[in-house]
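Peer 1: Okay, here's the structure, questions in a sec.
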Amino acid sequence: MTTVAVKPATMAQALGRALRDAMTDDPTVHVMGEDVGALGGVFRVTDGLAKEFGEDRVTDTPLAEAGILGTAVGMAMYGLRPVVEMQFDAFAYPAFEQLISHVAKMRNRTRGAMPLPLTVRVPYGGGIGGVEHHSDSSEAYYMATPGLHVVTPATVADAYGLLREAIASDDPVVFLEPKRLYWSKDAWNPDEPRAVEPIGRAVVRRPGRSATLITYGPSVPVCLEAADAARAEGWDLEVVDLRSLVPFDDETVAASVRRTGRAVVVHESGGYGGPGGEIAARVTERCFHHLEAPVLRVAGFDIPYPPPMLERHHLPGVDRILDAVARLQWEAQS
Amino acid sequence: MTVMEQRGAYRPTPPPAWQPRTDPAPLLPDALPHRVLGTRAADRVDPDLLRRLYAELVKGRRYNAQATALTKQGRLAVYPSSTGQEACEVAAALVLEERDWLFPSYRDTLAAVARGLDPVQALTLLRGDRHTGYDPHEHRVAPLCTPLATQLPHAVGLAHAARLKGDDVVALALVGDGGTSEGDFHEALNFAAVWQAPVVFLVQNNGFAISVPLAKQTAAPSLAHKAVGYGMPGRLVDGNDAAAVHEVLGEAIAHARAGLGPTLVEAVTYRMEAHTNADDDKRYREDAEVEAWRAHDPIALMEHELTERGLLDEDGMRAVREDAEAMAADLRERMNQDPALDPMDLFAHVYARPTPQLREQEAQLRAELDAEARHHDDEDAHADAHSHEPEGNTR
């Protein structure tokens with residue numbers, strides 16, 4: 001048995017490696033966006049790519065998100081596979097019309113004649129002390145748009161594997177990168193990256209019997225921490241990492257909730273009109289007779305993203321998750 | 001101590017030398033729109049091209065009339081007529097090589113048809129049976145674009161991609177005067193100029209964005225002037241003069257093909273009919289203005305040129321009109337047939353890899369359709385049973 005050298009790598013490094021491998025394997029893959037060239041992106045995800053592949057394939061664009069995505073649409077029309085970087089979540093909003101009216105619909109409008117295999121990378125979420133417009137969780141907007149896949153990794157291995165899949169997908173993918181996990185490290189072998197569960201599959205990150213925490217992206221490590229802390233209360237929490245918001249893995253989620261009978265959805269975007277409402281409804285529709293308690297949501301408050309000095313009060317943390325778990329009508333069982 | 005605090009130590013000097021990167025003079029449009037018909041320049045134009053443009057203009061006018069009639073019969077949900085603007089439409093189609101791409105807006109059905117699209121397929125968006133009734137790759141015509149100016153960055157991206165691949169392809173993107181106010185117009189022109197993409201932008205300035213006149217749309221001296229700020233040439237052309245539009249676009253396309261970058265062309269024309277059948281143009285413009293433009297009709301201009309030069313006689317005109325009538329009759333007949341639609345197509349082209357959620361919804365619709373069909377079968381059987389009853393019982 002050979003032992004694979006496993007060294008710690010960051011999510012940002014894994015994403016960069018995914019871009020590099022995709023570009024090596026497929027000459028139609030192009031990386032474009034603001035600052036992706038010489039600077040290597042403000043988060044350094046594209047570090048070194050311009051040097052390796054040249055400016056024609058790793059292009060510093062003018063500062064204009066609608067233009068970046070709009071020209072990427074035209075490039076995809078001509079057979080390229082653009083990977084677009086939107087520097088920050090809230091900077092992507094000028095590109096919404098291109099995303100919604102064209103990226104999401106071109107296959108449908110042309111009855112399959114003109115698919116747009118492009119990936120939109122969006123660093124999203126808070127917790128890094130960013131000022132205004134640098135910390136939005138915009139996933140609900142993307143989820144509400146048919147025609148898009150919406151993917152968000154929580155581990156280094158997933159960051160690599162899911163991004164490779166997103167780039168190879170013949171459907172447009174909004175690839176949400178949790179900013180505060182860019183520097184998170186895992187034991188991951190960058191010299192021999194492995195495939196992961198494909199897009200559309202959720203995974204159980206931690207098995208448990210008492211209740212299921214359903215979560216994704218930046219909230220996954222928080223939920224794992226909460227599950228560890230919950231042991232002191234005698235609760236054995238299962239943590240399901242969705243990985244993909246569209247398509248949604250009803251099977252894995254429902255199977256987990258049927259096992260545990262209780263569920264809390266955790267995400268940092270606002271609760272009203274947020275992903276948690278949809279997820280709670282889906283779980284209730286499928287697991288009603290297995291549920292010992294209503295499906296609860298622990299979400300960010302329904303406020304514009306707060307200034308950095310207050311963001312810790314907004315972001316769902318371990319205590320807020322445990323409070324919700326405590327509200328799962330445990331007394332009904334006793 | 002900072003520099004600011006060192007009193008007397010800092011001596012202001014003029015800023016480092018700055019030069020504009022491009023002399024704006026060669027980029028500026030002419031003061032008056034370029035004209036060919038009725039001028040000496042017309043002598044240079046190939047008579048076959050003039051005759052071809054003429055035939056397409058006449059067919060185009062007939063096409064607009066037929067499509068407008070189809071809206072009145074309820075066969076089209078809506079039709080934004082390009083009557084009065086046919087010169088821009090047909091010149092845009094005829095100036096392109098086969099390998100080039102056309103990016104039309106919702107008013108440019110005629111350009112798509114003149115490029116060779118089946119007139120029925122070109123109308124599916126407006127009929128309401130499909131969004132795009134044709135394969136864009138077949139004639140290299142992008143889907144008719146309804147959101148304003150959003151097709152312009154697509155044209156830039158496609159032209160850029162073609163050049164990256166080493167293909168000798170130019171993209172021609174059409175937009176209206178209203179569309180030039182959109183952010184996508186700005187971003188597309190900026191990208192095109194920075195990348196020196198082989199793309200040509202044709203603004204059909206027809207005077208109004210629905211009801212809003214150009215004076216309320218822009219304060220620029222002309223829409224062609226906008227080119228200068230992006231670092232590309234701006235050209236102004238008489239949009240009712242098909243030969244002039246063809247010539248100016250031809251030069252711009254040659255410029256782009258030679259690797260010299262994009263051009264912004266403003267064609268000054270006029271929309272003779274309302275924005276669509278849902279609009280009342282009497283509310284925002286005077287009959288006198290419309291009549292003044294009627295005297296500068298694109299077909300009449302071309303007809304005059306051709307007859308003056310002995311390139312067209314009564315027989316020639318009749319032949320062109322008969323061709324146009326045949327096209328209209330064929331269009332009428334085919335558009336009066338109900339399209340055959342399969343409801344299951346709703347799910348056919350949302351994703352390459354449909355989500356499990358869509359598969360569930362697909363199964364739901366399938367079940368609904370099957371139930372409907374069973375219901376109809378039962379009704380038919382019931383009706384059949386009645387029809388076979390002895391006559392005496394039914395009286």
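Peer 1: Expressed as an acute angle from 0 to 90° and rounded to the nearest 10, what is the orientation of the C-alpha long axis of helix B:356-387 relative to the principal long axis of chain B?
Peer 2: Compared with the principal axis, the helix lies near 30 degrees.
Peer 1: Check A:Ala263: other-chain or 5+ apart residues with amide H under 5 Å from its amide H, H built from backbone geometry?
Peer 2: A:Thr212, A:Leu296
Peer 1: Taking every DSSP beta bridge that has both residues in chain A, what percent is antiparallel when rounded to the nearest 5?
Peer 2: Details: 9 of 42 bridges.
Among the beta bridges of chain A, antiparallel pairing accounts for roughly 20 percent.
Peer 1: For chain B, give me the percentage of DSSP beta bridges that are antiparallel, rounded to the nearest 5 percent. Don't jump to the answer; show the numbers that get you there.
Peer 2: Numbers: 2 of 25 bridges.
Antiparallel bridges make up about 10 percent of those DSSP assigns within chain B.
Peer 1: Quote the total accessible area buried by chains B and A together, excluding ligands, DNA and RNA, probe 1.4 Å, nearest 100 Å². Don't skip to the answer; put the middle values down first.
Peer 2: Details: alone 21180 and 14810 Å², together 32240 Å².
For chain B against chain A, roughly 3800 Å² becomes buried.
Peer 1: Calculate the length of the line joining the C-alpha centroid of region B:99-121 to that of region B:252-298, in whole Å.
Peer 2: That distance is 17 Å.
Peer 1: Step through the residues of region B:215-232 one at a time and calculate ³J(HN,Hα) from phi using the Karplus curve (6.51 cos²θ - 1.76 cosθ + 1.60, θ = phi - 60°), rounding each to whole Hz and writing x for Gly and Pro.
Peer 2: Working through the residues one at a time gives 4, 8, 9, 8, 9, 5, x, 7, 5, 5, 4, 4, 4, 4, x, 8, x, 10 Hz.
Peer 1: Express the accessible area of region B:231-279 per residue in Å², computed with a 1.4 Å probe while the remaining protein chains stay in the model.
Peer 2: Accessible surface, normalised per residue, equals 24 Å².
Peer 1: Between B:Asp168 and B:Gln337, what FRET efficiency follows from the Cβ-Cβ distance if R0 is 25 Å, with the result rounded to 0.05? It would help to have the intermediate numbers written out before the result.
Peer 2: On the way: r = 41 Å, r/R0 = 1.63.
The computed FRET efficiency comes out at 0.05.
Peer 1: Now for a separate question. In deg cm²/dmol, rounded to 500, what helix-only [θ] at 222 nm does chain A give when every DSSP H run of at least 4 residues adds -39500 (n - 2.57) and the total is split over its residues? Intermediate values should be presented prior to the final figure.
Peer 2: Numbers: 11 runs with 104 residues, N = 334.
It comes out at -9000 deg cm²/dmol, rounded to the nearest 500.
Peer 1: Which distance in Å, rounded to a whole number, links the C-alpha centroids of region A:75-145 and region A:285-323?
Peer 2: 26 Å
Peer 1: Quick check: the distance between the Cα centres of region B:2-65 and region A:209-241, to the nearest angstrom?
Peer 2: Cα centres, region B:2-65 to region A:209-241: 63 Å.
Peer 1: Rounded to the nearest 500, what is the 222 nm mean residue ellipticity of chain B from helices alone, with -39500 (n - 2.57) per DSSP H run of 4+ residues and division by all residues?
Peer 2: On the way: 15 runs with 178 residues, N = 395.
The helix contribution divided over chain B gives -14000 deg cm²/dmol.
Peer 1: Work out the FRET efficiency for A:Lys185 and A:Glu233 from their Cβ-Cβ distance, taking R0 = 22 Å, and round it to the nearest 0.05. Numbers along the way, then the final one.
Peer 2: Values: r = 29 Å, r/R0 = 1.32.
Once the sixth-power term is evaluated, E becomes 0.15.
Peer 1: Also, quick follow-up: So how tilted is helix B:298-308 from the main axis of chain B? Cα-based, degrees 0 to 90, rounded to 10.
Peer 2: Computed tilt is about 80 degrees.
Peer 1: Quick check: pseudo-label points 7 Å beyond the Cα along Cα→Cβ at B:Val78 and B:Ala254, how many nm apart are they?
Peer 2: Here the answer is 4.0 nm between the modelled labels.
Peer 1: At 0.36 nm per residue, minus the direct Cα-Cα distance, what do B:Glu98 and B:Gln364 gain on full extension? Give it in nm, one decimal, please. Can you show the working numbers first?
Peer 2: Working: separation 266, 0.36 × 266 = 95.76 nm, distance 4.43 nm.
Computed gain between B:Glu98 and B:Gln364 is 91.3 nm.
Peer 1: Is there a pair in A:Lys179/B:Lys165; A:Lys105/A:Lys179; A:Lys51/B:Lys226 whose C-alpha atoms are over 30 Å apart, and which pairs would that be? Write out the running numbers ahead of the final one.
Peer 2: Values: A:Lys179/B:Lys165 34 Å; A:Lys105/A:Lys179 28 Å; A:Lys51/B:Lys226 36 Å.
Those over the limit are A:Lys179/B:Lys165; A:Lys51/B:Lys226.
Peer 1: If you don't mind, another one. Once Lys and Arg get +1 and Asp and Glu get -1 on their Cβ, which of B:Leu346, B:Met327, B:His376 lies farthest toward the positive end of the dipole of region B:314-388?
Peer 2: B:Leu346
Peer 1: A follow-up question, please. Show which aspartates and glutamates lie in cross-link reach of A:Lys185 when reach means a straight Cα distance below 16 angstrom and same-chain residues fewer than eight apart are skipped.
Peer 2: Result set, ordered by chain and number: A:Asp158, A:Glu177, A:Glu225.
Peer 1: In peptide B:338-349, how many Cβ atoms from other protein chains are near each Cβ within 10 Å, on average?
Peer 2: Numbers: counts 0, 0, 0, 0, 0, 0, 0, 2, 1, 1, 4, 12.
Per residue, the number of nearby Cβ atoms from other chains is 2 on average.
Peer 1: What's the carbon and sulfur percent of chain B's accessible surface, probe 1.4 angstrom, rounded to a whole number?
Peer 2: Working: 9860 of 19280 Å².
Of the solvent-accessible surface of chain B, carbon and sulfur hold 51 percent.
Peer 1: Looking at region A:191-232, which trypsin sites (Lys or Arg not before Pro) are in a loop (DSSP not H, G, I, E or B) and have at most 13 other Cβ atoms within 10 Å? Numbers along the way, then the final one.
Peer 2: Working: sites: A:Arg194, A:Arg201, A:Arg205, A:Arg209, A:Arg231; in loops: A:Arg194, A:Arg201, A:Arg209.
Those that pass, being in a loop and sparsely packed, are A:Arg194, A:Arg209.
Peer 1: For a quick protection proxy, order the peptides B:108-118, B:7-17 by their average other-Cβ count within 10 Å, most packed first.
Peer 2: Numbers: B:108-118: 24.5, B:7-17: 6.4.
Descending mean neighbour count gives B:108-118, B:7-17.
Peer 1: Taking Cα atoms, how many degrees apart are the long axis of helix B:314-335 and the longest axis of chain B, rounded to 10 and kept between 0 and 90?
Peer 2: That works out to roughly 60 degrees.
Peer 1: OK, next. R0 = 25 Å: FRET efficiency of B:Ala215 with B:Ala300, Cβ-based, nearest 0.05? Display every interim value, and only then the final one.
Peer 2: Details: r = 27 Å, r/R0 = 1.09.
For R0 = 25 Å, the calculated efficiency reads 0.35.
Peer 1: Solvent-accessible area per residue for region A:1-140 at a 1.4 Å probe radius, Å²?
Peer 2: 35 Å²
Peer 1: Taking amide H positions as placed 1.01 Å from N in the peptide plane, with prolines and chain starts having none, which residues 5 or more places from B:Asn277, or on another chain, fall under 5 Å of its amide H?
Peer 2: B:Tyr79
Peer 1: Shifting gears a bit: For peptide B:159-169, how many partner chain Cβ atoms fall within 10 Å of a residue's Cβ, on average?
Peer 2: On the way: counts 4, 8, 12, 6, 2, 8, 5, 0, 1, 0, 1.
Neighbouring Cβ atoms belonging to other protein chains average 4 per residue here.
Peer 1: Would you mind checking region B:149-165 for residues with the amide N under 15 Å from a putative spin-label position 7 Å along Cα→C-beta of A:Asp56?
Peer 2: Residues B:159-165 qualify, since their backbone N sits under 15 Å from the label point.
Peer 1: Another question, if that's okay. Determine which residues of region B:355-376 fall in the zone a paramagnetic label at B:Asp384 would reach in this model, i.e. backbone nitrogen under 19 Å from the point 7 Å along Cα→Cβ.
Peer 2: B:370-376, by backbone N distance to the label point.
Peer 1: How many nm separate the modelled label positions at B:Asp30 and A:Glu192, each set 7 Å beyond the Cα in the direction of the Cβ?
Peer 2: 7.2 nm
Peer 1: To continue, here is another question. For every other residue with a beta carbon closer than 15 angstrom to the beta carbon of B:Ala367, add +1 if it is Lys or Arg and -1 if Asp or Glu, then tell me the sum. Intermediate results must be reported in sequence, preceding the final value.
Peer 2: Details: positive: B:Arg359, B:Arg366, B:Arg374; negative: B:Glu360, B:Glu362, B:Glu368, B:Asp370, B:Glu372.
In short, -2.
Peer 1: Here's a follow-up. Per the 1.4 Å probe, what fraction of the accessible area of region A:185-281, in percent, lies on carbon and sulfur atoms?
Peer 2: Working: 1710 of 3610 Å².
Answer for region A:185-281 is 47 percent, counting heavy atoms of protein chains only.
The values are calculated or read from the model by the stated rules, or taken from the named source; none is laboratory data. Everything numeric here is computed off the predicted structure, so don't read it as measured data. Note: ideal-geometry Cβ built from the backbone for every residue, glycine included; neighbour counts use all protein chains shown. Keep in mind that these areas ignore ligands, DNA and RNA; they rest on the heavy atoms of the full protein, side chains included. Shrake-Rupley method; radii C 1.70, N 1.55, O 1.52, S 1.80 Å.
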